[in-house]
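The values are calculated or read from the model by the stated rules, or taken from the named source; none is laboratory data. Computed from a predicted structure; not experimentally measured. Neighbour counts are summed over all protein chains in view; Cβ atoms, including those assigned to glycine, are modelled from backbone coordinates with ideal geometry.
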Amino acid sequence: MSEQTATWFNLYDARPEAEVPAESPLAWSYHRTGRPAVSQKSRVVLRERAMLGHLILRGGAIVLDEAVRQVLGFGLPGRPNTLTHDDGGERSIQWLSPDEWLVIVPGGEEFVLEGRLREALGDAHYAIVNVSGGQTLIEIEGEMARELLMKSTPYDVHPDAFPVGKGVTTVFAKANLILRRPGEERWELVLRRSFADYCYRWILDAGAAYTIGVES
Amino acid sequence: MSQSLNQPNRLNEGGRIDRSRRLTFTFNGKRYQGHAGDTLASALLANGVDIVNRSFKYSRPRGIVAAGAEEPNALVQLGSSEAAQVPNVRATQQALFDGLVARSTNGWPNVQRDAMSLVGKLGGRFMPPGFYYKTFMAPASMWMTYEKFIRKGAGLGRSPMERDPDSYDHLNQHCDLLVIGAGPAGLAAALTAARGGARVILCDEQEELGGSLLDSRELLDHQPAAQWVQRVVEELAGLDNVTLLPRTTANGYHDHHFVTLHERRTEHLGETAPLVDGVRPSRSRMHRVRAGQVLLATGAHERPLVYAGNDVPGNLLAGAVSTYIRRYGVVSGDRLVLSTSNDHAYRAALDWDDAGREVVAIVDARQAPDGELVEQARARGIRIIEGTAVIEAKGSSRVSGARVATIDAQAFKVTGQAETLPCDTIASSGGYSPVIHLASHTGARPTWNDEILGFVPSLLKGVHAAGSARGIHDLAEGLADGVAKACEALAALGRTAQAIELPQVDARREGKACALYQVPHEKPTLRAPKQFVDLQNDVTAAAIELATREGFESIEHVKRYTAMGFGTDQGKLGNINGMAIAARCLNKSIPEVGTTVFRPNYTPVTFGAIAGRHCRDLFDPERYTALHQWHVENGAEFEDVGQWKRPWYFPQVRPDAVNGERESMAEAVARECLAVREKVGILDASTLGKIDIQGPDAREFLARIYTNKWEKLAVGKCRYGLMCRDDGMLMDDGTTSCLGENHFLMTTTTGGAAGVMEWLELWHQTEWPELDVTFTSVTDHWATMTVTGPEARKLLAEITDIDLARDSFKFMDWREGRVADMPARVFRISFTGELAYEINVQANYALHVWKTLFKHGEKYGLTPYGTETMHVLRAEKGFIIAGQDSDGSVTPEDLGMQWAVGYDKPYSWVGKRALSRSDTRRTDRKQLVGLRPKDPSVVLEEGAQIVFDPDHAIPMPMVGHVTSSYYSPTLKSGFALAVLKGGHSRMGETVYLPMADGKTHAAEIVSPIFVDPKGERQHV
Amino acid sequence: MFLIYCPYCEEHREEEEFHPKGQAHIARPADPEACSDKEWGDYLFFRDNPRGIHHELWVHAVGCRKFFNVTRNTVSYEILESYRVGEQPRFTAEHPEGRPVETVAAENVTAKAEVVERQEGVKA
């Protein structure tokens, strides 16, 4: 077995220093399918929060929790399928598996965060993977948001089964995604880049009956 | 088109229809009127339409028999336009709307005058069960032709040939208790559970909730039962924890209380869904319900009696006669004879009498019936003939009389002289069969109950039945049963519910029913006029008797031989009678004969509802890379690789084009291939699976899962690896790069990505949990662009700060740096055999890098290429594609890749042991070789079989097949990869490929490496 | 469409989220090279097909990606339990009504201790 040395991992900032044009995973969808305007009649509204920082943490809960508290100021969610947030709600950590968590932070923070977490974790056994380019987050709000989700996922989205603060990886139409409920009225969907267009078209189709609008 | 606007059979008052709203509809080209609240069936009866269809096999005229889902005859084809066609709709379940257009499903040229009926008239003896099998048996090759003719004659409805303008959808539902059926037991149960706070779904297939209470003679709390229904439904509708679904049929009961409900949302409003607020709602919807507990309150179907001529229009179920009168204000004739074995059916005679029409007689099979309803009929002076039954209905297109005789049901004999009673309607009742279909879907075999003369459902854990569905036909008991079962169901979920207060029902004394299924005739069954058991599939009592005589003893075999209970019918009316007849012929009891298995769907479901929104553009996910838009805008043709859309080739406008014609695929691929071999090409390789591997045991893990060695791979280096299953067969391949001492980036094939990821986890979690390593998919995070060809270095050098010098950045190295101002990892890996750089950048920035490459690439002739060119180039180099050149039966040794096998690695890696099995050591295994057609213009077919001796008699021994084959513009020849028995030791020999068109191609066995055999070009 | 309890997510999920991976408790021989062809063939290819209680390996593919075992009745399709890899089933063909919880728990403690020992042995 190899020993953990200072160079055991490759820490890599995938973001440019220069001004380089970037495109969210939904850029093509907006171009081809468009964005139906939000109107008074819209009973569901969709909004992308593009270019966020997404990190996967792997390792033991106790060790990671300590490091995360030290660096981010709030801890890992203790229970399966739950989320924690910082006070402003901008940074979140979601349980994905007994040894896997998803950290989402404002875009650009992920590289520094990864470095600080690695520093805090020292020679503990863990892994951190930057997946920011591979996924995007969309929010769905509105009185019919829950019914739209019922058309799409077999997971029970009734408030009794899906309280605020829950997050699950599940089936959505014929794709998979992460479904979270950070607030009473708000749902978050974390889509994989390559499936984003399919999911977007599905949501618009399912939402047509509710005059869904997409915020630009 | 003639008009018939008066409705001769419509009563002036009564029923739940709205006489102020007249609706016009068309049936078989003729216009009629009905009312809001009618079904198509009640409207047809109101208009005196006797013949609604022709029968399936004998083409006999048929009329409406029932009032619900069990209707076997009135199957219609709906739709005024081609796009709106809907087949196999039961007229009894179709709400009438203005402008409805329906046709009979069977009958050509029309139901009144049917060409096929000649067969039916001649028929009888000529069409015994198995007729089609026996008659159209030989030659077997003609069956397809016969079948077309038979199907056209039989008619099963037809699907629309134009695009359906409507949309359909699915809704995933979850509940504590699903109550199926909103009759008395279902309503009582739903209310109990709902008041207990449980999440409840209540569905019912009818237009209105209420079931039998909507046409009951009985009073609840001294008021018409329908008033109680209204109060309960109103309360339920007001509760947040309740979902009410009328017009919703529970069609399938699947595993673990997963039930599919088909809701017809707009079928009662029109042919296509009407716009609501500018939006067109889905026409029908499949609710995919996962229930904690399920209560079946599905009621019971009345069983008709089986007597001669019982299929002539005018023969109805007794209950249906009542329902049409009481719910729709329609009396289906003038003179009624009722044939019954029980008290309940007397309602039909009383209702008929109330409607002011003549009850000719009640023919009761029992000796001294004395129940309360019997007394009421006597008191009205209705003639009751005891110990008798209708043994034969007279008439052809409508009943004209009933032959009645005393019978001995036990001895199956007619014991007296028959008397003919003139009448136009015969109502019959042999009792009630609980609707056990859904319980049967779960695999639980129903059990026979002698008390109620019917099968009652067996129930798996979590399934409950209440009321008539389990043989409790008494109203008061049924209501109480609903409450009790709801409490039981909730208790099973750890919840409590209070029993609700039930309405008062006046107790009524009911006489005992007798067992009567097939009524005896003076002639033996085989010679008597046809006695129908299954009207929809035209199965007669004689057919069942014949089947048992021919040796079919199992009821499942009888069913398949006679077609009893097949198809859309699912044995609703006929099954019990059929079993009783089989039992009599076999000298067994009904429980000994047993029942057949009912299967989903309970009634037909439109394909639209099954597909939901998973159709057209949304049929299957399409995965796109970050560069997809560029590919589209640059004219790429796409190839499906798994769910990915990958550019296949980029046809350009031909140099000699007059009207902008584009290159053919062959032309485009030839141009792209030469560009890579001579200048530089670029491929979007983002779809390759990419897995980030970290942990102190990562290297050890790789050594165990790959066939080759990993201990010495240094940071900055890449290595190609083969992955086998433990049976030694190749499953995937790819390169893995060392990013840090304990940090690797693995690539997989595009199609294998998810499978490899799961494979790694399988071994880690189940066999080697002690290894400290993690796997994370980064496929979507990175976009990968392959720049390859002799000019690749010069091009890349223009936009990168990485030192590309041959000796500092070698083949199979990787480097970090900037490419087009973007942080990038560049890998010197080649799948073309040319100098190649795979550039990985964060996907959100990929388009910028790609465009920058083109900005600088024009002077080098940078050419985008697709998967087809990639395939040609790699095949020229003998590089395999796992899953194309290997198929799960090919070892690394078969592929001649011993160089990638670490025979002396300390750990017995996955697949190693299998390589020393006797089977994998065989010398005649199929091995990878190259094939060079003798005629260079020939491109062999992929999949073509190889033989050594083309003159061998057929069947020739097949010794291998072509796995990859292309035309090589570099070689100016076709060439192929193939697997061939003992191929490695047959270099230079000639093999043959006989093709379907009679041609035989000859090819020479050569090395699979066709271009640059020493591999010098990729090292430049 | 099964409803399967994931012992890691600690809730029931739809079958769509899982992949079946065949019979459970098929251990790879510790020293493959010491196996005869027959023994190796048995490990690779031979599986039980019981009528009644069966132990199956599943993976929560769309979810936590963890492998775990399920005891299922192949006649009624009832799932009697889900348990983690390395643990022993309560319900077996010999004990269709289920063994006492304490017995199984004690076995699992022993099994875990062995895993830790093996793990430490490897690290040493």
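Some notes on this structure:
- Enumeration of residues in region B:778-801 that are touching a helix residue (DSSP H, G or I) at 6+ places or on another chain (Cβ under 8 Å) and more than 22 Å from A:Ala22 (Cα to Cα): B:Thr788, B:Gly789, B:Pro790, B:Glu791, B:Lys794, B:Leu795
- Residue list for region A:141-154, restricted to those being part of a loop (DSSP other than H, G, I, E, B) and within 8 Å of chain B (Cβ to nearest Cβ): A:Thr153, A:Pro154
- Number of positions in region B:944-988 that are under 42 Å from the mean Cα position of the chain (by Cα), of a type in the set (Val, Ile, Thr) and part of a loop (DSSP other than H, G, I, E, B): 2
- Extreme residue, surrounded by the fewest Cβ atoms within 10 Å (Cβ to Cβ), among residues of region C:8-62 that are more than 8 Å from every other protein chain (Cβ to nearest Cβ) and among the β-branched types (Val, Ile, Thr): C:Ile26
- Residues that are in contact with a Phe, Trp or Tyr (Cβ under 9 Å, 6 or more places away or on another chain) and not in a helix (DSSP H, G or I), drawn from region B:465-481: B:Gly471, B:His473
- Subset of region B:967-987 [surrounded by fewer than 23 Cβ atoms within 10 Å (Cβ to Cβ), under 14 Å from B:Phe1010 (Cβ atoms) and not small (Gly, Ala, Ser)]: B:Tyr967, B:Pro969, B:Thr970, B:Leu971, B:Lys972, B:Met987
- Condition met for A:Arg91 (touching a helix residue (DSSP H, G or I) at 6+ places or on another chain (Cβ under 8 Å), at pLDDT below 95, more than 14 Å from chain C (Cβ to nearest Cβ) and within 21 Å of A:Val131 (Cα to Cα)): no
- Residue check, B:His256 at positive phi and either buried (at least 23 other Cβ atoms within 10 Å of the Cβ) or in contact with a Leu (Cβ under 6 Å, 6 or more places away or on another chain) (or both): yes
- B:Asp640 falls short on exactly one of the conditions (1) facing chain A (nearest Cβ under 10 Å); (2) part of a strand (DSSP E or B); (3) free of Cβ contacts under 8 Å to residues at least 40 places away in the same chain, and that condition is (1).
- Condition broken by B:Cys585, with the remaining ones in (1) under 22 Å from B:Glu302 (Cα atoms); (2) over 28 Å from the mean Cα position of the chain (by Cα) satisfied: (1)
- Residues that are under 45 Å from the mean Cα position of the chain (by Cα), crowded, with 22+ Cβ neighbours inside 10 Å and away from chain A (no Cβ under 14 Å) within region B:661-701 comprise B:Ala668, B:Val669, B:Glu672, B:Cys673, B:Ile682, B:Leu683, listed in sequence order.
- Qualifying positions in region B:537-574 - among the polar types (S, T, N, Q) and in contact (Cβ under 8 Å) with a residue 24 or more places away in the chain: B:Asn537, B:Thr548, B:Thr562, B:Thr568, B:Gln570
- Scope region B:816-833; condition more than 49 Å from the chain's Cα centre (by Cα) and in a loop (DSSP other than H, G, I, E, B); matching residues: B:Ala820, B:Asp821
- Residues considered: B:Thr249, B:Thr260. Of these, the only one that is away from chain C (no Cβ under 14 Å), of a type in the set (Ser, Thr, Tyr) and more than 30 Å from B:Leu373 (Cα to Cα) is B:Thr249.
- From the options A:Pro77, A:Pro25, residue that is surrounded by 15 or more Cβ atoms within 10 Å (Cβ to Cβ) and either facing chain B (nearest Cβ under 8 Å) or without any contact (Cβ under 8 Å) to a residue 24 or more places away in the chain (or both): A:Pro25
- First in region B:30-55 and closer than 18 Å to B:Gly99 by Cβ, second anywhere and basic (Lys, Arg) and not in a strand (DSSP E or B), Cβ under 9 Å, 6 or more apart: B:Gly37/B:Arg16; B:Gly37/B:Arg327; B:Ser42/B:Arg327
- Residues that are under 31 Å from the mean Cα position of the chain (by Cα) and under 29 Å from B:Ala226 (Cα atoms) within region B:13-70 comprise B:Thr39, B:Leu40, B:Ala41, B:Ile64, B:Val65, B:Ala66, B:Ala67, B:Gly68, B:Ala69, B:Glu70, listed in sequence order.
- Region A:199-216 - residue that is hydrophobic (A, V, I, L, M, F, W, C), under 13 Å from A:Leu46 (Cα atoms) and surrounded by fewer than 22 Cβ atoms within 10 Å (Cβ to Cβ) and, of those, nearest to the other protein chains (Cβ to nearest Cβ): A:Ala208
- Of the residues B:Gly789, B:Gly833, the single one that is touching a residue at least 24 places away in the same chain (Cβ under 8 Å), more than 30 Å from B:Ala754 (Cα to Cα), crowded, with 23+ Cβ neighbours inside 10 Å and not acidic (Asp, Glu) is B:Gly789.
- Residue satisfying all of: in region A:86-97; over 14 Å from A:His54 (Cα atoms) and out of contact with any Leu (no Cβ under 7 Å at 6 or more places or on another chain); surrounded by the most Cβ atoms within 10 Å (Cβ to Cβ) among these: A:Ser97
The rows are residues; the columns are (1) crowded, with 20+ Cβ neighbours inside 10 Å; (2) closer than 30 Å to B:Leu702 by Cβ; (3) within 14 Å of chain C (Cβ to nearest Cβ); (4) touching a helix residue (DSSP H, G or I) at 6+ places or on another chain (Cβ under 7 Å).
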position: A:Ser29; (1), (2), (3), (4): yes, no, no, yes
position: A:Arg35; (1), (2), (3), (4): no, no, no, no
position: A:Val44; (1), (2), (3), (4): yes, no, no, yes
position: A:Arg47; (1), (2), (3), (4): no, no, no, no
position: A:Arg58; (1), (2), (3), (4): yes, yes, yes, no
position: A:Asp99; (1), (2), (3), (4): no, yes, yes, no
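- The residue list B:Gly883, B:Gly902, B:Gly878, B:Gly930 contains one member that is touching a residue at least 24 places away in the same chain (Cβ under 8 Å) and not in a loop (DSSP other than H, G, I, E, B), which is B:Gly930.
- Annotation: of all residues in region B:837-872 being charged (D, E, K, R) and more than 21 Å from B:Asp780 (Cα to Cα), the one that is farthest from the other protein chains (Cβ to nearest Cβ) is B:Lys859.
- For the residues A:Ile138, A:Ile128, the requirement of being away from every other protein chain (no Cβ under 12 Å) and either of a type in the set (Asp, Glu) or crowded, with 21+ Cβ neighbours inside 10 Å (or both) singles out A:Ile138.
- Residues in region B:933-974 that are small (Gly, Ala, Ser) and touching a residue at least 12 places away in the same chain (Cβ under 8 Å): B:Ser937, B:Gly943, B:Ala944, B:Gly960, B:Ser964, B:Ser965, B:Ser968, B:Ser973, B:Gly974.
- Region A:163-198 - residue that is at the interface with chain B (Cβ under 10 Å from one of its Cβ atoms) and assigned to a loop (DSSP other than H, G, I, E, B) and, of those, farthest from B:Glu622 (Cα to Cα): A:Ala173
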